[in-house]
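Novice: The structure is given below, and queries will be raised subsequently.
The values are calculated or read from the model by the stated rules, or taken from the named source; none is laboratory data. Predicted, not measured: the structure shown is a model, and the values here were computed from it. All Cβ positions, even for glycine, are placed from backbone atoms using ideal geometry, and neighbour counts span all protein chains on display. Areas reflect the complete protein model, heavy atoms only, side chains present, ligands, DNA and RNA absent. Shrake-Rupley method; radii C 1.70, N 1.55, O 1.52, S 1.80 Å.
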Amino acid sequence: MIISSNTNKNNYYPAFKARKIAVARPIVDGVKKQIDIYRLTKKDKDCFGKIVKSINLAELLPSKVNTPNFKVWQNLIECTYDCIGNFSHQKIFLAVQENKACGILLATHNMKKGEVVTFATWPTAVEQKVKKAGSSLFTAFLNLAKQKKLKLVHLEPIINGPTDAIGFYKGHGMDFTDKFSSKMTASKNKIAKISQKKSEELNYTEIKHPVMVNLESKLDLKYT
């Protein structure tokens, strides 16, 4: 992936104009730090590129460098950058904790179906992963599904990555369409059950009237 600094001025947007749409507070012993969820647009691609360039997973997680397919994780973060603006009906959710971005989920929805296109989380300091960052972002996606009254959501998990993506999705109510498919799905009724179950471990509060903020001025882009 190439993130050019010589961006065409017609496509350049100097700062995030993001909306803070929710606050997630993980219900985990000893964890009191909240996770803020922002909604971005394709206009924020260049700004997200600055975040991507600041993330070096090999330095942030030296204990995991020799994990099989570790590079897949870094590639997934960069792939999200590449995907911004390339899908219709796109929704982009960014997770932030203590002024550091810690995850992103890019989804689309159309014809009563929703899809997770790319989804990644990362540490905010050396060996410091953000607990429930993934769950917070996935909850934002499920809430979108309920708001849009989607009948089905689906995704294709990364099966050769260094983390148990399939276990994560199954823990959030997704399951394989059939034994011959790599696609995981959940129906409208299942989405409602998932949301109820997740509310027991994650206090997720939506902001009724989110306003635009200059997010770039709030973010710390030094990850190591």
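Novice: When residues of segment 90-118 are filtered for being without any contact (Cβ under 8 Å) to a residue 40 or more places away in the chain and crowded, with 17+ Cβ neighbours inside 10 Å, how many remain? So that I can check it myself, show each step before the final result.
Specialist: Going residue by residue through segment 90-118, those that are without any contact (Cβ under 8 Å) to a residue 40 or more places away in the chain are 103, 105-108, 110-111, 116-117.
Pick out the ones that are also crowded, with 17+ Cβ neighbours inside 10 Å and you get 103, 105-107, 116-117.
Residues flagged as without any contact (Cβ under 8 Å) to a residue 40 or more places away in the chain and crowded, with 17+ Cβ neighbours inside 10 Å within segment 90-118 amount to 6.
Novice: Could I ask something else about it? Name every residue in segment 148-183 that is open to solvent by less than 60 Å² (accessible area, probe 1.4 Å) and among the hydroxyl-bearing types (Ser, Thr, Tyr), in order of residue number.
Specialist: Tyr169, Ser181
Novice: What are the residue pairs meeting all of these: first residue in segment 65-89, first residue farther than 15 Å from Ala101 by Cβ, second residue acidic (Asp, Glu), Cβ atoms under 9 Å, and 6 or more apart or on different chains?
Specialist: Close Cβ pairs (under 9 Å, with a partner that is acidic (Asp, Glu)) amount to Phe87/Glu115.
Novice: Which residues, taken from segment 166-189, are at pLDDT 90 or above and of a type in the set (D, E, K, R)?
Specialist: Within segment 166-189, Lys170, Asp175, Lys183, Lys188 meet the criteria.
Novice: Return the pairs, sorted by first residue and then second, in which the second residue is among the β-branched types (Val, Ile, Thr) and surrounded by 15 or more Cβ atoms within 10 Å (Cβ to Cβ), the first residue lies in segment 202-224 and is over 15 Å from Gln34 (Cα atoms), the beta carbons are less than 6 Å apart, and the residues are 6+ apart or on different chains.
Specialist: The qualifying pairs are Pro210/Ile21; Tyr223/Ile55.
Novice: Is there a residue being within 17 Å of Lys42 (Cβ to Cβ), outside any strand (DSSP E or B) and either out of contact with any strand residue (DSSP E or B) (no Cβ under 8 Å at 6 or more places or on another chain) or open to solvent by 10 Å² or more (accessible area, probe 1.4 Å) (or both) anywhere in segment 126-135?
Specialist: Kept after step one, since they are within 17 Å of Lys42 (Cβ to Cβ), are these residues of segment 126-135: none.
No, that holds for no residue.
Novice: Name the residue, out of His154, His109, that is out of contact with any Ser or Thr (no Cβ under 9 Å at 6 or more places or on another chain) and farther than 19 Å from Val52 by Cβ. Don't jump to the end; show me each part of the working.
Specialist: Details: His154 fails: out of contact with any Ser or Thr (no Cβ under 9 Å at 6 or more places or on another chain).
Answer to the selection: His109.
Residues checked against (1) more than 18 Å from Thr124 (Cβ to Cβ); (2) exposed (fewer than 15 other Cβ atoms within 10 Å of the Cβ); (3) at pLDDT below 90:
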residue: Ser4; (1), (2), (3): yes, yes, yes
residue: Lys9; (1), (2), (3): yes, yes, yes
residue: Ile21; (1), (2), (3): yes, no, no
residue: Lys32; (1), (2), (3): no, yes, yes
residue: Arg39; (1), (2), (3): yes, no, no
residue: Val72; (1), (2), (3): yes, no, no
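Novice: I need the full set of residues from segment 184-217 which are surrounded by fewer than 15 Cβ atoms within 10 Å (Cβ to Cβ), in contact with a strand residue (DSSP E or B) (Cβ under 9 Å, 6 or more places away or on another chain) and part of a loop (DSSP other than H, G, I, E, B), in order please.
Specialist: Glu201, Ile207, Val211
Novice: Separate question: Quick check on segment 62-69. Is at least one of its residues open to solvent by 30 Å² or more (accessible area, probe 1.4 Å), at negative phi, small (Gly, Ala, Ser) and outside any loop (DSSP other than H, G, I, E, B)?
Specialist: Taking segment 62-69 and keeping what is open to solvent by 30 Å² or more (accessible area, probe 1.4 Å), we get 62-69.
From what's left, at negative phi: 62-68.
With small (Gly, Ala, Ser) added as a condition, the list becomes 63.
Subset that is outside any loop (DSSP other than H, G, I, E, B): 63.
Yes, segment 62-69 has at least one match.
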